[in-house]
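Trainee: Before we start, here is the structure in question, set down as C-alpha cells.
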There are 4 protein chains.
Amino acid sequence: MDKNSWRERLYIIVFFSDTPAGRQFDIALLLTILASLVVVMLDSVQSYDHYGELFYALEWGFTMLFAAEYLLRIAIHPRPSRYIFSFYGAVDLLAVLPAVLALLFPEAQYLLIIRVMRMLRVFRVLKLLPYLSQANFLLVALRGSRQKIIVFLFSVTTLVIVFGTLMYVIEGPEHGFTSIPASIYWAVVTMTTVGYGDITPKTPLGQAMATLVMITGYSVIAVPTGIFTAELASAMQPERLHQTCPTCEKGVHEPDAAYCSRCGNALFPRRLESVPEASEEELHG
Amino acid sequence: MDKNSWRERLYIIVFFSDTPAGRQFDIALLLTILASLVVVMLDSVQSYDHYGELFYALEWGFTMLFAAEYLLRIAIHPRPSRYIFSFYGAVDLLAVLPAVLALLFPEAQYLLIIRVMRMLRVFRVLKLLPYLSQANFLLVALRGSRQKIIVFLFSVTTLVIVFGTLMYVIEGPEHGFTSIPASIYWAVVTMTTVGYGDITPKTPLGQAMATLVMITGYSVIAVPTGIFTAELASAMQPERLHQTCPTCEKGVHEPDAAYCSRCGNALFPRRLESVPEASEEELHG
Amino acid sequence: MDKNSWRERLYIIVFFSDTPAGRQFDIALLLTILASLVVVMLDSVQSYDHYGELFYALEWGFTMLFAAEYLLRIAIHPRPSRYIFSFYGAVDLLAVLPAVLALLFPEAQYLLIIRVMRMLRVFRVLKLLPYLSQANFLLVALRGSRQKIIVFLFSVTTLVIVFGTLMYVIEGPEHGFTSIPASIYWAVVTMTTVGYGDITPKTPLGQAMATLVMITGYSVIAVPTGIFTAELASAMQPERLHQTCPTCEKGVHEPDAAYCSRCGNALFPRRLESVPEASEEELHG
Amino acid sequence: MDKNSWRERLYIIVFFSDTPAGRQFDIALLLTILASLVVVMLDSVQSYDHYGELFYALEWGFTMLFAAEYLLRIAIHPRPSRYIFSFYGAVDLLAVLPAVLALLFPEAQYLLIIRVMRMLRVFRVLKLLPYLSQANFLLVALRGSRQKIIVFLFSVTTLVIVFGTLMYVIEGPEHGFTSIPASIYWAVVTMTTVGYGDITPKTPLGQAMATLVMITGYSVIAVPTGIFTAELASAMQPERLHQTCPTCEKGVHEPDAAYCSRCGNALFPRRLESVPEASEEELHG
C-alpha cells in the first residue's frame, strides 16, 4: 500500500499540473523538449559542424531521457493501455522512435523534430486549457465545412491538372516546363499565388494562359475563405444550434429566446454545451 | 425481348452504381482512367524516354477501350441522343478526341489529360452524391455574386491595363518591360500577389509605382472574398429565400417560421427545395 | 427649327443607346476604341517595329476621329458645359490629350491607353446598366469602410517603414538592401505576399526578421477582408438602413418589418431606394 | 503668477490643437518630423553620398530640436511624470535616443526612422480623432479573437517546423536547403504565399511535398480571415454586447430593442459606450 500511494503521488506529479510539484515537473519537461529541439536544429547548420559529436551525444542523451520518461509514464499510469493509445501517448512514443530509425538511416535523426508536438503541453502549464477549447471551436467549423472543402479541393485538383498540361503543350520543355508533373507543380505554385519564379512562361501565348491561371487562382481564393467564415459564424452561435423546442422540435431559435417562435411553448433554457470537448483522459494523458 | 432485357441489364450496370455489378464496373472504369492519366503524365517525363513506345502503345490501348465504351453506352442507352448531349456524354467523347487530333498534331496527345473530368464519377461510386449537391451550393453562391464579380473583373482589367502601360513608359524595354502586353502580364502577376520576379522594376520611380500596384492588389483581394462570403451566407439559409407568404407575399422570413411576421397568416411549411439539383439523367448519364 | 430637330436627332443617336441608330453608333464607337487600344499595344511590341509608321498613322487617325467626335458631342449637346464637366466628358477629352502631349514627349503616346476608360460605355450597349448599380453597391461598402481602411493603411505604412529600416540596418547594401527606400520597397513586396525575390535576406538574423514580416503580413491580410465583408453584408440589407419609424425615429428594423419593434406604430413600407445611383446626366453624358 | 499663466498658455499651445496657435505649432511639428524622416531616408541612398556631411548636420539639428522640444514638454506639463510615462512621452523620447546610440554604433542612426510614430499626431491636427476610435474598433475585434489567433499561430508554427525539417531531409543542402532553420524560413516563405524563389525544391519528391505545403497554406489563409471577420461583425454591433436586462439579466438584445424579448420588462436605453477609448491624457499627452 505504501508503494501504491508513492506511485499515485508520482502519477499526479507526472500527469497533472495542478500541484506545485506537478507544475515544476511540466516546466522542466517543456524546457528539456525545447533544448532538444534547439540541438536538432543547430546540428543541421553546417557552420557548427565541428560541434557535431557534442550534438550527437546530446541528442542521444535527450532520447534516453524521453524514453525513460515514456516507460515511467506507462509504469505509473493506473490503466497503462489507456495512456499508450491516447493522443499524448502516441506523441511521446513518436518523440523517441526516429532515434532508433536513425541507426539505419542517419537522415532520420532530424525527424526528432517531431518532438515539437510534445510542446502542446505548454497549454496545460500556462493554465491555457480554455485555449484548447478554442481549437475545438476551429475544428467544429472545419468539420462543418469538410464536404464543401472536399468538393473545392477536387475542383482545384482538376483545374491544376488541366492548366498544367495546357502549359506543357504551349511552352514545352525548352522553357522550363520539363514534364506534365513539373507543369502541374507550376500550376499549383501559380494558383496559390506563391509564385517562386523558378518556372515562368516565356511565350506570349503562355503568358496569356498564365494570366488566366492567376485570375482564376485569385477568384478561387475567395471560396475557402467564404466557406470557413460562414461556418465559423454559425459555430460561434452554439446555443442556436442546440436549443430544441421540447414540444414541436423546432431546432433553431433566436439566441436567448425563452419561448419557441413557432408553437409558443416554453423552451427550458439549457446551459451552453456547445462544442464536444476533448475528454479528461486525453487532456491529462 | 430476350435481347432487350440483356440490353437493359447492361444499361443498369454501365450507367448506375447501385447494383454490385454496376459498382464493380464503375470501380474498374475509374482505375482504368487513373492508369491512363498516369501513363500520359509519365510519357511527358524526359527521363522515361526509353519507354516511349510502350507508353504510346498503352495510350492507344486506353483510347480504343474508351472509344469502345463510348459506343457501348450509346448502343445500350434507351434514348441515345439524351446521353450524347448530356454533360457526361460530352466528357466521354472529349476523353477520346485528342487521340484522333494527335494524328495531325503530335502535341495534342497530351490533351488526353482531359480524361481527368471523367473522374467526376468517383462521387457516384463512393456514394458521395450529397457532395455534388454541395457543389450546387457553391454554384448558387457564385451565380448570385456573378454580376458583382463581372463589375469587379472589369475594374481589375482596366486597372491592369493602365498600370501596365504606365510601367512600360516608366521602366521601358531596357528593364525587362519589353512591350505593353508584357507589362500587363507583369501587372497581373503583381496584383494577384503571385510575384514571379521574372520582370521587376529597377528604377526608384518604377519601384514606387509597383508599391502602389501591390497595395491596390492587396486591398482589392478583399472585394471578391467579401462578395462571395456575403452571398454564401445567404445561400446557406435557403429556406429564407424561398418561403413566400401566400397572403401578403412577404418573401423573407425567419428560418423555420410557421406564421408570417408581417400579416400573421400561416405559412404552409414547405420542404427544403433549396438548390436546383442536377437532373437524374445528368447524374446517371 | 429644321436644323434644331436635326441636332436633336443627332443628340439622341450619339448620347443614348435606346434607338437602333443610337445602338449602332455606340457599337461602332466601342469597336473603334478597341481597335485603337490594340494598335497602341502592338506599337509597343518590338518585333512589329517595321510596322512602326503604319501604327503611327493609325494612331493619329484614331486621335483625329475621337477629337472630331468630342467636338461633335459638344456641338450637339443641349447644355455643352454640362457634358464637358461630366465624368464621360472628362474621359472623352483624356482619350485625345496624350496624342498632343506626345508631340513634346514621344513616350506619352502610350498613355493613349487611357482610352480603355471609354469602354465603360459597353455597359450601356449591352443593356447592363443594372451592373453599374452593382458597382454603386461596392462603392457604398467601400465608402462605409473608408475610415477603418485609412487607419489600417496608416498602420501598414508605419510598419513598412519601420520593418524596412530594420532590414537595412541588419542586412545592409552588400545583400541587396541598397537604401532605406529600397528596403521599404522590399517590405511592401513581402507584406503584400507578392515576393518577387529580387531582394532577399541572406543572414540568419535577416531571415528571422523576414519571417516576422511575413507572419505579420499574413495576419494583416485578414483585416481589410474582414472590414469589407462586414460592411458589404450591411450594404446588402439596404432596407434595414433606410426604414425609419415615423413615430419614434428608430432607424434600424428587421427586414420587412411592418410595425416598429420599439414603439409598435406602423412603419409605412417604403420602396427600396437603397444606393445613390449615378444621375441620368452622368450615365448618358 | 505671470510666469505661471505664460507656462499655461504654452502648455495649451504645445499639447493641444484647438487654438489657432496650437494648430500652427502642431503643423510645424509634423512638417519638421516629415523633413527629418526624408533626411534619414536620403542619407541611406548611396548616390547621394556626397551630401553625407550635410545630412549628418541636418540629422543632428533635428535631434537637438526634438530633444529641446521634449525637455520643453516636460517643463510646461502640469504633471510632468504623467507625460513622461504616457504613450506620446515614450514616443517623443524614442525619437531622440537613437542619435545618442549612434555615437557608439553608427548604424543605429537609421533607427531615427522611429520618428514616424510621432506622425500619429497627424490625426489630431486633421481633426480626425474619430479615426482613432476606429482603431479602437479594430483593436476590440483583435482582442476578441486573440485566443483563437494564439491557437492558430501555435498550429502554424508546428506545421512550419515539421514541414521545414521534412524538406531538409528530402532536398538536403545541395539543393539550397542548407539547414533546418533555413528550411523553416523556406516553409514560412511558402505557406504565407510570399514565394521569393531564393530556395526552391528541385527533386520530384520535394516538389510534391512543396505542393502539399502550398495547398495547406492556401487553405489555412482562410482561418485568420474567418476568425477576424466573425469577431469584427460582432464588434460592429456594440449595443447588443452591452445592453443587459435589469430584470432577468438577459445580456443580448436586438439592436435598439426597448423591451427585453425574454421577460418583457423595459430596458433602460443606454448610450453607446461601446469601446474603451484612449483617455484624454493619452490623446493630448
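The values are calculated or read from the model by the stated rules, or taken from the named source; none is laboratory data. Quick caveat, the model's predicted, so the values are computed rather than measured. Methodologically, a virtual Cβ is constructed for each residue, glycine included, from the backbone with ideal geometry; neighbour enumeration extends over all protein chains shown. Surface areas here come from the heavy atoms of the whole protein model, side chains and all, with no ligands, DNA or RNA. Shrake-Rupley method; radii C 1.70, N 1.55, O 1.52, S 1.80 Å.
Trainee: Is segment A:116-124 home to any residue that is assigned to a helix (DSSP H, G or I), open to solvent by 20 Å² or more (accessible area, probe 1.4 Å) and at pLDDT 80 or above? Steps first, answer last, please.
Mentor: Our first condition is that a residue be assigned to a helix (DSSP H, G or I); within segment A:116-124, this holds for A:116-124.
After this cut, where a residue has to be open to solvent by 20 Å² or more (accessible area, probe 1.4 Å) as well, the list is A:117, A:119-120, A:122, A:124.
Of the ones still in play, those that are also at pLDDT 80 or above are A:117, A:119.
Scanning segment A:116-124 turns up at least one residue that is assigned to a helix (DSSP H, G or I), open to solvent by 20 Å² or more (accessible area, probe 1.4 Å) and at pLDDT 80 or above.
Trainee: As an exercise: evaluate B:GLY52 against (1) open to solvent by less than 80 Å² (accessible area, probe 1.4 Å); (2) touching a residue at least 24 places away in the same chain (Cβ under 8 Å) and give the number of the one condition it does not meet.
Mentor: Among (1) open to solvent by less than 80 Å² (accessible area, probe 1.4 Å); (2) touching a residue at least 24 places away in the same chain (Cβ under 8 Å), B:GLY52 violates only (2).
Trainee: For segment C:199-243, what are the residues that are in a helix (DSSP H, G or I), over 16 Å from D:ALA230 (Cβ atoms) and at pLDDT below 70? Walk me through how you get there before you give the answer.
Mentor: Taking segment C:199-243 as the starting set, the residues that turn out to be in a helix (DSSP H, G or I) are C:204-220, C:222-235, C:238-242.
Imposing the further condition that a residue be over 16 Å from D:ALA230 (Cβ atoms) reduces the set to C:204-218, C:220, C:235, C:238-242.
The answer is C:ALA235, C:PRO238, C:GLU239, C:ARG240, C:LEU241, C:HIS242.
Trainee: Hey, another quick one. Among the numbered criteria (1) within 14 Å of another protein chain (Cβ to nearest Cβ); (2) closer than 29 Å to C:ILE150 by Cα; (3) more than 24 Å from the chain's Cα centre (by Cα), which single criterion is violated by D:ASP49?
Mentor: (2) is the only condition that D:ASP49 fails.
Trainee: Is it fair to say A:PRO80 is modelled with pLDDT of 80 or more and farther than 20 Å from D:ILE161 by Cα? Step through it out loud before you land on a result.
Mentor: Values: modelled with pLDDT of 80 or more: yes; farther than 20 Å from D:ILE161 by Cα: yes.
Yes.
Trainee: So, in segment B:64-91, of the ones that are β-branched (Val, Ile, Thr) and touching a Phe, Trp or Tyr at 6+ places or on another chain (Cβ under 8 Å), which residue ends up least open to solvent (accessible area, probe 1.4 Å)? Lay out the reasoning, then the answer.
Mentor: Step one: list which residues in segment B:64-91 are β-branched (Val, Ile, Thr), which gives B:74, B:76, B:84, B:91.
Among the residues that remain, those that are also touching a Phe, Trp or Tyr at 6+ places or on another chain (Cβ under 8 Å) are: B:74, B:76.
Details: B:ILE74: 43, B:ILE76: 10 Å².
Ranking the qualifying residues of segment B:64-91, first place goes to B:ILE76.
Trainee: How many of the residues making up segment A:164-181 are open to solvent by less than 20 Å² (accessible area, probe 1.4 Å) and more than 7 Å from every other protein chain (Cβ to nearest Cβ)? Steps first, please.
Mentor: So in segment A:164-181, the residues open to solvent by less than 20 Å² (accessible area, probe 1.4 Å) come out as A:164-165, A:167-168, A:171-172, A:177, A:179-180.
Retained after the next criterion (residues that are more than 7 Å from every other protein chain (Cβ to nearest Cβ)): A:164, A:167, A:171-172, A:177.
Residues flagged as open to solvent by less than 20 Å² (accessible area, probe 1.4 Å) and more than 7 Å from every other protein chain (Cβ to nearest Cβ) within segment A:164-181 amount to 5.
Trainee: If D:LEU212 passes every condition in (1) more than 8 Å from chain A (Cβ to nearest Cβ); (2) open to solvent by less than 30 Å² (accessible area, probe 1.4 Å) but one, which one does it miss?
Mentor: Condition (2) is where D:LEU212 drops out.
Trainee: Looking only at segment A:1-39, filter to residues that are acidic (Asp, Glu) and part of a helix (DSSP H, G or I); which one of those is nearest to A:GLN109 (Cα to Cα)?
Mentor: Let us first name the residues in segment A:1-39 that are acidic (Asp, Glu), namely A:2, A:8, A:18, A:26.
Now drop any that are not part of a helix (DSSP H, G or I), which leaves A:2, A:8, A:26.
Numbers: A:ASP2: 42, A:GLU8: 35, A:ASP26: 25 Å.
Taking the candidates together, the pick is A:ASP26.
Trainee: Give me the helices (runs of 4 or more DSSP H) completely within segment D:40-114, filtered to those with at least 1 residues that are under 30 Å from D:PHE16 (Cα atoms) and of a type in the set (Phe, Trp, Tyr), ordered by residue number.
Mentor: Filter on segment D:40-114 gives D:52-76, D:80-84, D:87-94.
Here is a yes/no grid of residues against (1) over 26 Å from the mean Cα position of the chain (by Cα); (2) within 30 Å of B:PRO181 (Cβ to Cβ); (3) within 13 Å of chain B (Cβ to nearest Cβ); (4) not polar (S, T, N, Q):
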{"position": "C:ARG7", "(1), (2), (3), (4)": "yes, no, no, yes"}
{"position": "C:LEU30", "(1), (2), (3), (4)": "no, yes, no, yes"}
{"position": "C:TYR70", "(1), (2), (3), (4)": "no, yes, no, yes"}
{"position": "C:ARG79", "(1), (2), (3), (4)": "yes, no, no, yes"}
{"position": "C:ALA102", "(1), (2), (3), (4)": "no, yes, yes, yes"}
{"position": "C:GLU107", "(1), (2), (3), (4)": "no, yes, yes, yes"}
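Trainee: Please work out if C:LEU34 is crowded, with 17+ Cβ neighbours inside 10 Å and closer than 21 Å to C:ILE114 by Cβ.
Mentor: Working: crowded, with 17+ Cβ neighbours inside 10 Å: no; closer than 21 Å to C:ILE114 by Cβ: yes.
When the stated conditions are applied, C:LEU34 does not pass them.
Trainee: Please name all residue pairs, on different chains or six or more residues apart, with Cβ atoms under 6 Å, provided the first residue is in segment A:191-205 and is facing chain D (nearest Cβ under 7 Å) and over 17 Å from C:THR193 (Cβ atoms) and the second residue is assigned to a loop (DSSP other than H, G, I, E, B) and of a type outside the set (D, E, K, R).
Mentor: These pairs meet every condition: A:ASP198/D:GLY197; A:ASP198/D:THR200.
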